[in-house]
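Single-structure report; data block below.
The values are calculated or read from the model by the stated rules, or taken from the named source; none is laboratory data. This structure is a prediction, so every number in the text was calculated from the model and none was measured. Ideal geometry is used to build each Cβ from the backbone, glycine not excepted, and the neighbour counts take in all protein chains shown. Each accessible area value is taken on the protein alone, full model and side chains, heavy atoms only, with ligands, DNA and RNA left out. Shrake-Rupley method; radii C 1.70, N 1.55, O 1.52, S 1.80 Å.
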Amino acid sequence: QITIAHGLPGTEIHCTVTDISSPPTVPQAQYTVNPVIAELPLNSALEKLYKVEYHTEGTGYTPSLPTTKYYKVLKCYDVTFNANGGAFSGGLPQYTVRVPHGTVASVPSGTNEPSKTGYHIAGWYTEAACTTPWNFAMQITEDKQLYAKWTANTYIVSFNGNGDTGGA
């Protein structure tokens, strides 16, 4: 959806929205209002290209020259990262990003990386049991839920006898 508005009272916006995808599936729409609120639907397509042409006119001033803009609309999917016992920033149990069809999701990092006290993240998996790892080179073609796998931190503890060599 796009909005085209003009702030002067009495202004009309004359706008034509045309689907120029190949093949076009959305009929041309025309608007004469202020503001123009135009839908740019995908319908069943994964991507659409729209041409939007508009100009303004009103009482007491010269109409504007036509403006042409192009909009590419992409199908997007939600990729939800579940902290699976850990937490994201603010204590949230999950974090969702929108990813365009056919692109890849990025591994959460920095402030978007979950944490769990005493553990480090050991990868992202397609189910909560963490048996099938997610390949971040895979293109996203549907909504996905990915789960963090946690591995306990290991520590080395050493004893300093402060000169003692053993005994009681």
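In the stretch 125-135, the qualifying residues are those that are out of contact with any Pro (no Cβ under 7 Å at 6 or more places or on another chain) and surrounded by 14 or more Cβ atoms within 10 Å (Cβ to Cβ), and the one that is nearest to Lys72 (Cα to Cα) is Trp134. If you go through the stretch 88-124 and keep only what is among the hydroxyl-bearing types (Ser, Thr, Tyr) and either under 15 Å from Asp78 (Cβ atoms) or over 20 Å from the mean Cα position of the chain (by Cα) (or both), you end up with Tyr95, Thr96, Thr103, Ser106, Ser115, Thr117, Tyr119. Quick check on Ser89: is it of a type in the set (Ser, Thr, Tyr), open to solvent by 70 Å² or more (accessible area, probe 1.4 Å) and either at pLDDT 95 or above or touching a helix residue (DSSP H, G or I) at 6+ places or on another chain (Cβ under 7 Å) (or both)? Against the criterion (of a type in the set (Ser, Thr, Tyr), open to solvent by 70 Å² or more (accessible area, probe 1.4 Å) and either at pLDDT 95 or above or touching a helix residue (DSSP H, G or I) at 6+ places or on another chain (Cβ under 7 Å) (or both)), Ser89 qualifies. Among the residues of this structure, Glu127 counts as one that is more than 23 Å from Thr18 (Cβ to Cβ) and over 20 Å from the mean Cα position of the chain (by Cα). Of all residues in the stretch 8-23, which are in a loop (DSSP other than H, G, I, E, B) and in contact with a Leu (Cβ under 9 Å, 6 or more places away or on another chain)? Selection gives Ile20, Ser21, Ser22. Go through the stretch 110-145 and give me each residue that's of a type outside the set (A, V, I, L, M, F, W, C) and touching a residue at least 40 places away in the same chain (Cβ under 8 Å). Result: Thr141, Glu142, Asp143, Lys144, Gln145. The set of residues in the stretch 58-67 that are polar (S, T, N, Q) and loosely packed, with under 14 Cβ neighbours inside 10 Å comprises Thr59, Thr62, Thr67.
Scanning the stretch 22-57 for residues that are open to solvent by less than 20 Å² (accessible area, probe 1.4 Å), under 29 Å from the mean Cα position of the chain (by Cα) and among the hydroxyl-bearing types (Ser, Thr, Tyr) returns a single hit, Tyr50. A Cβ distance below 7 Å, combined with a sequence gap of six or more or placement on separate chains, defines the contacts here; from the stretch 70-82, residues that are acidic (Asp, Glu) reach residues that are open to solvent by 20 Å² or more (accessible area, probe 1.4 Å) in the pairs Asp78/Thr96; Asp78/Arg98; Asp78/Asp143.
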